[in-house]
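Every read-out reported here was derived from the displayed coordinates using simple, explicitly stated rules and does not represent laboratory data. Treat the numbers as computed from the prediction; the structure is a model and nothing was measured. Note: ideal-geometry Cβ built from the backbone for every residue, glycine included; neighbour counts use all protein chains shown.
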Amino acid sequence: MWAAAGLLAYGLYELGRRWLGAELAGTPAAAGSQAGGLAVAAVYELTPLKDRLLGQVPQPLGFLLGAWRDGRSGAVQMGARHAAWCVGCCWALMAALFALG
């Protein structure tokens, strides 16, 4: 899941670089886009959606006991499901780190 989120972030970065030009780094426009990314992340951290997602994130032991699936495909399903909750809760932190470089 995090690899997919990272690829999405990189794709957005490349799209912005191609659209705005490679010489964007170090300009006021770059600082504005970084500030915008940080602002979006900060606002998300304060939303009820973030609180709801955190309330739904299963604890590891409880998740293992309640969502167990046998076999390799079951392990992949369990990992993807748990990782999806993690990405939903922590994407703003990763976006902030990405914006800050």
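Put a plus charge on the Cβ of each Lys and Arg, a minus charge on the Cβ of each Asp and Glu, and nothing anywhere else: the dipole of segment 2-100 about its Cα centre is then about 240 debye. Largest GNM mean-square fluctuation among Leu53, Leu38, Leu64, using the chain with Cα springs under 10 Å: Leu64. Under the classification rounded if a/c is under 1.5, otherwise prolate if a/b is larger than b/c and oblate if not, where does the chain fall, given a ≥ b ≥ c as square roots of the Cα gyration tensor eigenvalues? Because a/c hits 1.5 or more and a/b fails to exceed b/c, the chain counts as oblate. A simple spin-label model places the labels of Leu8 and Glu45 2.0 nm from each other, with each point 7 Å out along Cα-to-Cβ.
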